[in-house]
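Colleague: The structure under discussion is supplied below as structure tokens; questions concerning it will follow.
The values are calculated or read from the model by the stated rules, or taken from the named source; none is laboratory data. Because the structure is a prediction, the values reported are computed rather than measured. Every residue, glycine among them, receives a Cβ derived from its backbone with ideal geometry; neighbour counts consider all protein chains shown.
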Amino acid sequence: MTLRHKLKSLALAGFLLALGAATADARDLRIGISQFPSNLHPLIDSMLAKTYTIAMGTRPLTNHDANWELGCEVCTELPTLENGQAVIEPLEDGSEGVAITYEIKPDLFWGDGTPVTSEDFVFSWEVGRHPEAGVAASEGFRRILSIDVMDEKRFVVHVDRVTYQYNVANSFYPLPAHIERPIFDASPLDYRNRSAYETDSANPGLYFGPYVIAEVVQGSQITLTRNPEWRGKAPAFERVILRAIENTSALEANLLSGEIDMIDGDLGLAIDQGIAFEERHGERFNVIFKPGLIYEHLDVLLDNEILTDLRVRKALILSADRQAITEQLFGGRQPVAHSNVSPLDWVYDESVPTYAYDPDAAEALLDEAGWSDLRDGVRHNAAGEPLRLRLMTTAGNRTRELVQQVLQAGWKQVGIDVEIRNEPPRVFFGETVTKREYGALALFAWLSAPEAVPLTTLRSDQVPTEENAWIGQNYTGYANPEMDRLIDAIERELDREKRAALWSDLQRLYAEDLPAIPLYWRASTYILPKELKGVQPSGHRATTTQRIEDWSWEE
């Protein structure tokens with residue numbers, strides 16, 4: 001063994017000794033979650049269960065913290081125009097872009113000991129922008145014109161435009177090029193299914209955070225163990241075990257029986273269950289209700305001939321008693337949503353048009369739209385076709401199923417026949433919603449970051465299709481040139497007041513066009529053991545596990 005290798009081994013041994021001393025009394029932490037991830041690849045699919053899981057093992061370049069402040073995760077310093085790490089530069093077409101210099105923290109290593117380098121970000125960019133890779137949020141990668149590697153820890157990203165979010169890289173995760181590149185290069189089209197994250201997900205070389213995934217029992221359980229290559233703050237728990245229990249009543253029962261230690265609000269009980277739980281068991285647990293940017297809504301499939309008619313969409317929202325839903329099911333703790341922008345966000349415009357419950361107005365609109373022939377309580381058009389729609393959501397989520405029943409009953413009163421058909425979350429999100437096969441209405445939530453532009457969900461070029469390898473999150477198929485213009489204008493506007501005015505226009509257009517039907521803004525219910533400290537709910541897209549190294553257990 002060379003002297004260099006001996007020194008490295010001694011240093012690692014010293015680190016592991018310190019880690020062992022810091023966590024001598026380490027225990028396992030068992031977390032109950034209501035969904036099992038459809039996959040574990042950081043870039044493929046947008047599913048909260050995946051984000052929650054991998055946040056313990058990998059991090060993006062930047063992220064918003066629990067105080068909604070943007071900061072570095074993998075980089076050493078947040079690049080800004082003010083500190084000179086971001087520079088506006090001319091482009092060949094006469095427009096302006098921005099060059100952003102990032103430096104990777106020196107003490108980040110994949111779980112197999114390989115350093116995290118600039119090459120891992122270059123490879124991630126190549127995957128993210130490839131049309132056959134199937135990356136859902138690929139637009140940000142396609143905007144990167146090039147990446148100049150300065151050395152192993154520094155690189156410059158050249159972006160094709162200047163936006164107010166020029167230094168936000170919350171979706172830019174490094175990928176371990178030493179493992180993944182050969183698989184990707186062999187067949188980009190098959191990469192989604194052949195990636196090591198899919199075929200060898202317990203490979204420690206896929207993770208560089210406080211934990212690595214050690215075992216995956218498909219559909220049931222994921223076990224994470226401490227990463228011996230982690231040089232940051234030592235995590236408190238020997239293992240973190242995620243147990244997927246899709247029925248939320250069973251999830252609660254497992255907590256009370258001691259099979260799990262906690263239910264995180266990111267993937268746990270709905271607020272009605274949380275309120276009832278606090279009343280019965282509040283003395284045993286800390287129950288936290290955290291308002292946030294979680295938008296529960298109905299995606300409307302605009303390929304459906306019935307739903308292409310705006311009058312029908314308006315009739316649906318007018319005959320949905322959303323205020324009754326939030327008061328009767330949630331004790332008024334989850335406000336009715338009137339657009340896709342939360343009242344907690346500074347760009348929210350309270351003057352946006354709203355739809356109060358008005359079944360008479362709904363019936364008038366349906367008559368006007370040609371659905372005036374009422375037979376056995378169901379409206380028909382002149383061709384004798386029934387006004388029948390399918391409503392889908394995640395099976396086992398008791399609250400969503402209750403909401404479905406309330407909606408179904410309200411729509412029945414105005415002559416709309418609604419069929420409820422639900423699927424396990426990994427199927428619903430991994431296949432049905434992604435491939436736009438939900439028929440008419442899909443009930444789920446978007447979780448966003450502060451002032452997040454709805455680029456991938458509302459731009460007309462973000463509709464996933466088989467031809468584009470299901471890239472994009474515009475699952476409704478919404479296409480309005482004015483919405484495209486507003487999204488682009490908001491992004492490019494650096495002046496805060498001018499940007500707020502554009503946001504107001506976007507919210508009004510959303511309320512007028514109804515590409516989706518807003519329901520309510522969710523508050524998350526966190527049920528934590530009293531011994532668990534350091535959990536900080538953010539209320540936005542960053543999950544609590546993003547800072548799991550700050551968690552501790554105090555008897």
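Colleague: Hey, among the residues in region 140-171 that are surrounded by fewer than 18 Cβ atoms within 10 Å (Cβ to Cβ) and charged (D, E, K, R), which one's farthest from the chain's Cα centre (by Cα)?
Modeller: Restricting to residues being surrounded by fewer than 18 Cβ atoms within 10 Å (Cβ to Cβ) and charged (D, E, K, R), the top hit is D151.
Colleague: Only one of these is at pLDDT below 95 and either within 24 Å of the chain's Cα centre (by Cα) or surrounded by fewer than 16 Cβ atoms within 10 Å (Cβ to Cβ) (or both): A196, A137. Name it. If you could, list the steps in order and put the result at the bottom.
Modeller: Values: A196 fails: at pLDDT below 95.
Checking each option against the conditions leaves just A137.
Colleague: Is one or more of the residues making up region 357-378 touching a residue at least 24 places away in the same chain (Cβ under 8 Å) and part of a strand (DSSP E or B)?
Modeller: In the first step, residues of region 357-378 are kept if they are touching a residue at least 24 places away in the same chain (Cβ under 8 Å); the result is 357-359, 361-363, 365-366, 368-369, 371, 374, 377-378.
Next cut, part of a strand (DSSP E or B) only: 374, 378.
Yes: region 357-378 contains one or more residues that are touching a residue at least 24 places away in the same chain (Cβ under 8 Å) and part of a strand (DSSP E or B).
Colleague: If you don't mind, there's one more thing I want to ask. Would you tally the residues in region 417-469 being among the aromatic types (F, W, Y) and part of a loop (DSSP other than H, G, I, E, B)?
Modeller: Filtering region 417-469 for residues among the aromatic types (F, W, Y) gives 428-429, 438, 444, 446.
Next cut, part of a loop (DSSP other than H, G, I, E, B) only: 438.
Of the residues in that region, 1 qualify.
Colleague: Now a separate question. Does P424 satisfy the condition of being surrounded by fewer than 21 Cβ atoms within 10 Å (Cβ to Cβ), over 30 Å from D65 (Cβ atoms) and at pLDDT 95 or above? Before you say what the answer is, go through the steps one by one.
Modeller: Working: surrounded by fewer than 21 Cβ atoms within 10 Å (Cβ to Cβ): yes; over 30 Å from D65 (Cβ atoms): yes; at pLDDT 95 or above: no.
For P424, the condition - surrounded by fewer than 21 Cβ atoms within 10 Å (Cβ to Cβ), over 30 Å from D65 (Cβ atoms) and at pLDDT 95 or above - is not met.
Colleague: Is at least one residue of region 363-380 more than 23 Å from D299 (Cα to Cα), under 27 Å from the mean Cα position of the chain (by Cα) and surrounded by fewer than 16 Cβ atoms within 10 Å (Cβ to Cβ)?
Modeller: So far as region 363-380 goes, no, none of its residues is more than 23 Å from D299 (Cα to Cα), under 27 Å from the mean Cα position of the chain (by Cα) and surrounded by fewer than 16 Cβ atoms within 10 Å (Cβ to Cβ).
Colleague: So in region 40-80, with the set limited to residues that are surrounded by fewer than 18 Cβ atoms within 10 Å (Cβ to Cβ) and in contact (Cβ under 8 Å) with a residue 24 or more places away in the chain, which one is nearest to N170 (Cα to Cα)? It would help to see each step written out before you state the result.
Modeller: As a first pass, look at region 40-80 and keep what is surrounded by fewer than 18 Cβ atoms within 10 Å (Cβ to Cβ): 65-71, 76-77, 80.
Filter once more, keeping what is in contact (Cβ under 8 Å) with a residue 24 or more places away in the chain: 65-66, 68, 70, 76-77, 80.
Values: D65: 11, A66: 14, W68: 13, L70: 9, T76: 15, E77: 14, T80: 15 Å.
Filtering first and then ranking leaves L70.
Colleague: Quick one: count up the residues across region 51-94 that are part of a loop (DSSP other than H, G, I, E, B), modelled with pLDDT under 95 and under 27 Å from D550 (Cβ atoms).
Modeller: 5
Colleague: Condition check: surrounded by fewer than 22 Cβ atoms within 10 Å (Cβ to Cβ), touching a residue at least 60 places away in the same chain (Cβ under 8 Å) and either more than 26 Å from A440 (Cα to Cα) or among the β-branched types (V, I, T) (or both). Does A489 satisfy that? Write out each step before concluding.
Modeller: Numbers: surrounded by fewer than 22 Cβ atoms within 10 Å (Cβ to Cβ): yes; touching a residue at least 60 places away in the same chain (Cβ under 8 Å): no; either more than 26 Å from A440 (Cα to Cα) or among the β-branched types (V, I, T) (or both): yes.
When the stated conditions are applied, A489 does not pass them.
Colleague: In region 500-537, how many are under 26 Å from G209 (Cβ atoms), touching a strand residue (DSSP E or B) at 6+ places or on another chain (Cβ under 7 Å) and not basic (K, R)? Give the derivation first.
Modeller: So in region 500-537, the residues under 26 Å from G209 (Cβ atoms) come out as 524-529, 531-537.
The next check asks that each one be touching a strand residue (DSSP E or B) at 6+ places or on another chain (Cβ under 7 Å); those that pass are 524-529, 531-535, 537.
With the extra rule that they be not basic (K, R), the set shrinks to 524-529, 531-532, 534-535, 537.
The qualifying residues number 11.
Colleague: For region 26-43, give me the residue count where each residue is of a type in the set (G, A, S), at pLDDT 95 or above and under 18 Å from E549 (Cβ atoms). Let's see the steps before the verdict.
Modeller: Initially, region 26-43 is screened for residues of a type in the set (G, A, S), giving 26, 32, 34, 38.
Still in the running and at pLDDT 95 or above: 32.
Among the residues that remain, those that are also under 18 Å from E549 (Cβ atoms) are: none.
Looking only at that region, the number is 0.
Colleague: Being of a type in the set (D, E), at negative phi and free of Cβ contacts under 8 Å to residues at least 60 places away in the same chain, is that true of even one residue in region 152-162? Step through it out loud before you land on a result.
Modeller: If we filter region 152-162 for residues that are of a type in the set (D, E), which is where we start, we get 152, 160.
Right, trim to at negative phi and you get 152, 160.
Narrowing the set further to residues that are free of Cβ contacts under 8 Å to residues at least 60 places away in the same chain leaves 152.
Checked region 152-162: at least one residue is of a type in the set (D, E), at negative phi and free of Cβ contacts under 8 Å to residues at least 60 places away in the same chain.
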